[in-house]
Amino acid sequence: MAAASAALRRYLLLLAQEHLEFRLPEIASLLSLCGGQFSSQQEVRVNSPFWILSIPSEEMARGLMKRTVCAKSIFELWGHGKSAGELYASLKNYPMDKMLPYLQPDSTYKIHIHTFNKTLTQAQKIKKIDALEFLPFNGKVNLKNPEHIFWILEDYGTDPNNVPEEPCDLYFGRWIADGQRELIESYSVKKRHFIGNTSMDACLSFIMANHGRVKPNDIVYDPFVGTGGLLISSAHFGAYVCGTDIDYNTIHGLGKASRKNQKWRGPDENIRANLRQYGLEKYYLDALVSDSSRPIWRKGTLFDAIITDPPYGIREATRRTGSQKESVKSSERSTENHIIISSSYHLSDIFFDLLKFAAEYLVMGGRLVYWLPIYRPEYTEEIIPRHPCLKLISNCEQMLSSHTSRRLITMEKVKEFKDQDQNSYLLDGQYMPYKGHNSFREKYFSGVTKRIAKEEKDNQK
Amino acid sequence: MKLLTHNLLTSHVRGLQPGAGFPFHIRASEVRVRSVPFNAAFVARLLPRLHWEALLSAAESVTLPPQPPPPDDAEEEFLLRLHHVLLEVGGGGPFWGERSSFWGWEWKCLLWGGGVDPPVLGSPPLLQVEVGEGLTFPQF
């Protein structure tokens, strides 16, 4: 055990302070994707922007940063302390032979100061840099294009109303790599060619691809594909993507536009064009009109990951194709005038169909990542749908309103699907709690209408 | 729709005879060929997921009959052909069509791209061949 931990080196991870709950599953998933693992020995304070990770190699640290959208940068940690004195003592203990390669006389460097929850003046910063004189910096300072960048990072806690005089944690390290935060801007939905009413925020869709451990040459499938926003992030990471949706107009890019000031969708508003916008068209497989309650895929393991955002019936309707009987009425249906009869699709059924589908069609170790809407006052962990072939990996909450939220559920296929597993959820008596998902729409709107009524009443006073 | 997708799709109609919903019948009135960058590693990963007979008959029904490969056919050459058939040949636009019979959906292809060589797909190699990352061709 001691030998194993001695082989690991300590790295400091600087994280962005948003989507806090989603960060740990992202980093853990990415570490396992890079061949490492997230052990209980990691010194992680979940709500802090500073995590110390023990990782076997710098290469793995770089691999992690090529994917993460939750973390900003990673550093080789040279020293850490609760006070300046402790930091300096820790730096003096850091083996000189590990420092020297980066402090050579013919190299260039700069020192950067990063503070969290406090802003320092230039004079204060210079003073802190000068205090590091005892380190043998032999290279030349170059502020524009240095070979090596060293960071002093100071943590003044997370309470903006109670900022301490001195930092509670100080770190010093060598910068290694930045994460992929710039993707959030470059893939922003605002600039996207084709969007729908519920297009996923770029950051969250990258987080979903990371929770799903999407990797190059995977096949990623979205059964509620909509405008394909979730596929874009997977394609960015080199996976081939396909999707289905029951909405004929969305797949074909017809009908009313979701953008303000634009009435109808343009002739080239489709999923392929969305991928083309980002230079990812080569990863497009197909987008089909299909009903997720009736699988159209040949039996066998076909997909490496299923990443999706099922409709909750709030901003997009929940529908599935109607019964044979109903469709007979529309016998005038033809290819020119394509009408799919759809009937309402209960939320609990949507999630059951989804889990069953994932259990059957994912490769072993493949992941299902989806959003589950929650009425918060009634939430318990029991209402998360389960399947004997799928293991729950993570469950992260994003608030929607005071009484509703959605949870990003990640599950991994751990057992081969057999036909008897098909309806096994009915046997273990867990079915009843899920029925509660059906009334999510009513609860959502009951809360909203109550609030509006209350606000109106308050205004009248 | 690409022939890869065609190879993975089956009819969603319930109550069909076993095997009757697959593969979809292709009536190739028009076919579109769209160039896609070749990625040998991806095509090799697709191999175990393919239904080979269905692919051969699909390739046949949209193009010329398959020709036997030259005897010294290299692995790369095979994957390149497979890439072409799976990812570059297809009908334009998304899945559309009507249910013409109890056998499933009719698959229609659009626009035969002018001046493009029709795909030629050889028999799969009979021996196990190592492909990248330790993947092997399945025996068909």
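Table for the structure above
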item: Contour minus Cα-Cα distance for A:Glu378 and A:Glu165 (0.36 nm per residue); result: 72.4 nm
item: Interface area, A with B, accessible, probe 1.4 Å, both sides summed, Å² nearest 100; result: 2800 Å²
item: Heavy atoms of A:Leu355: accessible area, 1.4 Å probe, square angstrom to 10; result: 0 Å²
item: Heavy-atom accessible area per residue - the range A:9-179, 1.4 Å, Å²; result: 48 Å²
item: A:Thr119 accessible area, assembled protein chains, probe 1.4 Å, Å²; result: 120 Å²
item: Heavy atoms of A:Asp419 accessible to a 1.4 Å probe, total area in Å² rounded to 10; result: 100 Å²
item: Distance violations [Cα-Cα > 23 Å] among A:Lys190/A:Lys356; A:Lys92/A:Lys127; A:Lys282/A:Lys356; result: A:Lys190/A:Lys356; A:Lys282/A:Lys356
item: Shape of the range A:9-179, Cα gyration tensor, a/c cut at 1.5; result: oblate
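The values are calculated or read from the model by the stated rules, or taken from the named source; none is laboratory data. None of these values were measured; they are calculated from a predicted model. For accessibility, only protein heavy atoms count, side chains too; no ligands or nucleic acids. Shrake-Rupley method; radii C 1.70, N 1.55, O 1.52, S 1.80 Å.
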